[in-house]
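The values are calculated or read from the model by the stated rules, or taken from the named source; none is laboratory data. Predicted model only: the values in this text are computed from it and were never measured. For neighbour counting, all protein chains shown are included, and Cβ atoms are generated from backbone atoms with ideal geometry for every residue, glycine included.
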Amino acid sequence: MAFNNHPLISPLATVMPPSNPTQFYDFKSLEAKWQEYWEKNKSFKAVEDRSKKKYYLLEMFPYPSGKIHMGHVRNYTIGDALARFKRMRGFNVLHPIGWDAFGLPAENAAIQRKTHPAEWTFDNIRVMRAQFKKLGLSYDWDREIATCRPEYYRWNQWHFLKFHERGLVYRKKSTVNWCESCQTVLANEQVIDGRCWRCDQLVLPQEREGWFLKITEYADRLLEGCRELAGAWPEQVLTMQGNWIGKSHGAEVDFRVQGGDDVARIFTTRPDTLYGATFMVLAPEHPLTLKLARGTPREKAVAEFVRNAQLEDKISRTSEGGEKKGAFTGAYAINPMTGEPIPIWTANFVLLEYGTGAIMSVPAHDQRDLDFARKYGLPVKVVIRPPASVPPGRPPGATPPRACAEAELSAAIRRRHRGPSEFGQSAPARPPDEELDASAMTEAYTQDGTMVHSGPFDGLSGDEGRRKVGEYLESKGIGKRAVNYRLRDWGVSRQRYWGTPVPFVHCGACGAVPVPYEQLPVTLPLNARIGEKGQSPLKDIPEFYNVPCPRCGRPAHRETDTLDTFVCSSWYFDRYTSPRDDQAPFKKENVDYWMPVDQYIGGIEHAILHLLYSRFFHLAFRDMGLVGPPEPFARLLTQGMVIKDGAKMSKSKGNVVDPDEIVGRYGADTARLFILFAAPPVKDLEWSDKGVEGCSRFLKRAWRIFHEFLDEVRSAPKPSAPTGATAPEIRELRRRSHVALKRVTEDIESRLQFNTAIAAIMEYVNSLYDFREWWTGCQEHSEADRAAAREAMETLTLTLSVFAPHIGEEMWSALGHAETADKTPWPEYDRELIRAEEILIVLQVNGKVRQKIVVEEGIGEEDLKARSLEDPKIKEWVAGKPVKKVVVVPKKLVNIVV
RNA sequence: GCGAGGGUGGCGGAAUUGGUAGACGCGCUGGACUUAGGAUCCAGUGGCACGUCCAUGCGGGUUCGAGUCCCGCCCCUCGCACCA
């Protein structure tokens, strides 16, 4: 028990003796011991302390689906390493965890297993919490939340009512995405390629009434924010959000229907092509479509076409390869510029939800319109002349210029990421004044050019033309410049049980009435009979369903829809700042201290789901004065997937590795180390059992070398400044300690490259084995020598403790420290000590490496040049030829050009 | 089609500003210790025609020097895509 009786040993050591006094690395008892210590001492409890710089580190909280998988281990291990590092760097770190505990799987599992969703959920939470603790994750467990508890979801309801007060909540009947297998409506963001994001089933259109949040009101600010986040968030995520918001500039123009009062409003990004509009197309669902055909010989054909179009599923209807089908309504509209009548059609590819649900068709300058015109024999009219030269690689008609904010955004992001780019060379000349031939063209000319056959606008270029036409439309009152978004409002109604009840009451007299704040929470009854498909079981619980109207007191009934679970996750990071507050969703002073999240870590699958919703909530909160910062997540890291045998781990592929098994066999430290070492966080990680063994081997190796030095080092003093009297081996040891420290520090701090940081520690351990050879060969060691060795062991221990905290703490306490490693300030490396006394210089002849020489560190350029030319090997290579030039890169290389 | 990211040994991956390509780990080869080793330690390990050689997807270019910069291709992954 050599290190058990040291006077400085921490109080815990007397309570809990070191797991084993031998050199055997007994990870099992050692990990259990430290986990118990952290738990008892609440080691990672975060306390608001305005005198310290805060650091809010957050990983996306998990859905309690059963047991944790490797993806979780990776996500939370990355976060934990960073949390531990930041604490040692002197930050006041908030590192919380909780459970995204509402959702369909609980309900489905409950039906299957004849249990209750609550029971299933809390069972899973228990299991997963224990698994997290076994991994040694440094959470402030006092802040743990579960969104399915009324203490949490009452604030969902509170926010919903606040949003309602501000006009951000409304109810409407519309065509929604219905997932038959989940028996619920989905928001647009939750439909991926026409399929449900959770169960992968095809989504069907359905007419339904439901609750919506006006995220579209924030479209512009959400897009603007993407610009600000450039550099701090992965470019890909910002691009995806930009695409999703889909802002485009253009104009809305009214087309009068010939012989009546009807007006069809269209949206176009190309008002400069208005003169070329030779027909217009309405969405089948457009109210005018059937109206115009009514009472005409076309009525039957149009009605049938509309019916068929609506039956067609959305993917085939809107995919590029999908067949463009249309029907003539029999009516004509007046082109407001030319005054000419143009036929009004309806077609499957025009969507009611986008723009105004009606388009003008300019076949000469839009590929889709051209295809349609050719198919149905409609006229084509050229109104844009290509410029005399076009940029290289972009033949006319190849790529439409998207008058879209996407392009602007990605350009802005690129500028942020790389700095301004240079312009390409000028384009090859193209014969000027070449006019397109309307009757011959098979490809629409979709790029900008000069307006022709456009009356007073002839000769104007794209941007100018669009502006002038816009101004003209406005002056005539027949249109206006307009901005359109692809983003739709967020449908939050879910027709399922296991969620936050929508806090509204339906009254025959008063309509939908908000539940008064003082009556919150509207508690989800636990006695529901789950399993009846098609409607919420809440309807069958009279004590829930039947309530007096809060306004008039007459019998009314509660809303039975529950809120989308993404509502829970849109503000949980705020709740962590005051998790137990029962007066407000969070305390202002706490949220002001901790927010924004400094580093957020999670999967890319939430790029336009959770991450967009949360930004929306945050902006709305900001407008209500609840929070201060412009964005909730200052920096975002999207970690890669865990792959095995080339595919994502999944039950169906049978390639899952159970974290429990790895932790059981090798210990949490090994599991953590491997997962951080095998790949940089942003890249996919290929699982390797052999790699895990390698990491286990490394920890044992570190443990052994540490214990070989321990006895002599335990009582050594702090190393003093270097003196010339020490042996070169000691100086080299100190140099390597400080080099390792520098590399680990910088790899974590400025690059989040844990894999190279760990590689640096491994290299360092290898060099300690080299050093040991010399050390054991010495008769005795001076105090200064022992101090240097102590420093080396402390550096090893502290750097390792960030990644493998259990073994790190064990070693740290063995060194006799009263305080734990995680409470120890991260050491600073010494620039002076890093400087090598001798450096390696690479000698090149004509750019090829021919020799390597070792020279003293401070050698002058001329001396180095001379030494290089004198080198026998170099002389051989130069072979008497005249030396044309010598390039000297200080401290690196000399290149001799002959 | 558009946008982003990527292509480096047998494998996972390094190389931060144009300066020794392949750090670190896995695997493999040999040795030591051992009753034994799938433990541990030590040494070696890009390729071959073993050279003043060839090597970072392919072909050019800039440079004393290119995995890194420029031009043109090929392939892979992801996102967007009839969006008016």
For A:ARG317, all conditions in the list (1) under 25 Å from A:LYS247 (Cα atoms); (2) assigned to a loop (DSSP other than H, G, I, E, B); (3) at pLDDT below 90 hold save one; what is the number of the exception? (2)
Picked from the range A:204-237 (must be of a type in the set (A, V, I, L, M) and surrounded by fewer than 17 Cβ atoms within 10 Å (Cβ to Cβ)), the residue farthest from the chain's Cα centre (by Cα) is A:LEU204
Among the candidates A:TYR600, A:TYR593, A:TYR613, single out the residue that is farther than 30 Å from A:CYS549 by Cβ, in contact with a Lys or Arg (Cβ under 8 Å, 6 or more places away or on another chain) and assigned to a helix (DSSP H, G or I). A:TYR593
Residue by residue through the range A:192-203, note down the ones that are basic (Lys, Arg) and either over 21 Å from the mean Cα position of the chain (by Cα) or more than 14 Å from A:ARG494 (Cβ to Cβ) (or both). A:ARG195
Between a first residue in the range A:551-578 that is surrounded by 20 or more Cβ atoms within 10 Å (Cβ to Cβ) and a second residue that is hydroxyl-bearing (Ser, Thr, Tyr) and assigned to a strand (DSSP E or B), which pairs have beta carbons less than 6 Å apart while being 6 or more apart in sequence or on different chains? A:ASP561/A:SER493; A:THR562/A:THR500; A:LEU563/A:THR500
Can you tell me which residues in the range A:340-363 are β-branched (Val, Ile, Thr) and in a loop (DSSP other than H, G, I, E, B)? A:VAL350, A:THR356, A:VAL362
Output the number of the condition that A:GLN201 fails; it satisfies all remaining conditions of (1) exposed (fewer than 15 other Cβ atoms within 10 Å of the Cβ); (2) farther than 21 Å from A:ALA106 by Cβ. (2)
Could you give every pair whose Cβ atoms fall below 9 Å, whose first residue belongs to the range A:873-895 and is under 13 Å from A:LEU843 (Cα atoms), and whose second residue is near RNA strand B (Cβ under 9 Å from one of its atoms) and part of a loop (DSSP other than H, G, I, E, B), counting only separations of at least 6 or pairs across chains? A:TRP877/A:ASN846; A:ASN895/A:ASN846; A:ASN895/A:GLY847
Number of positions in the range A:150-198 that are assigned to a loop (DSSP other than H, G, I, E, B), within 16 Å of RNA strand B (Cβ to nearest atom) and surrounded by fewer than 22 Cβ atoms within 10 Å (Cβ to Cβ): 4
Could you check how many residues of the range A:164-194 are within 13 Å of A:GLU207 (Cα to Cα) and among the hydroxyl-bearing types (Ser, Thr, Tyr)? 3
Some residue of the range A:513-525 being at pLDDT 95 or above, of a type in the set (Phe, Trp, Tyr) and either within 40 Å of the chain's Cα centre (by Cα) or surrounded by fewer than 16 Cβ atoms within 10 Å (Cβ to Cβ) (or both): yes
Just checking, does the range A:62-72 include any residue being in contact with a His (Cβ under 9 Å, 6 or more places away or on another chain) and assigned to a loop (DSSP other than H, G, I, E, B)? yes
Criterion: in contact (Cβ under 8 Å) with a residue 12 or more places away in the chain, more than 8 Å from RNA strand B (Cβ to nearest atom) and within 26 Å of A:PRO363 (Cβ to Cβ) - qualifying residue of A:ASP254, A:ASP220: A:ASP254
Among the candidates A:THR799, A:THR795, A:THR824, single out the residue that is among the polar types (S, T, N, Q) and within 16 Å of RNA strand B (Cβ to nearest atom). A:THR799
Within the range A:668-767, helices (runs of 4 or more DSSP H) holding 3 or more residues that are within 15 Å of RNA strand B (Cβ to nearest atom) and among the small types (Gly, Ala, Ser): A:689-713
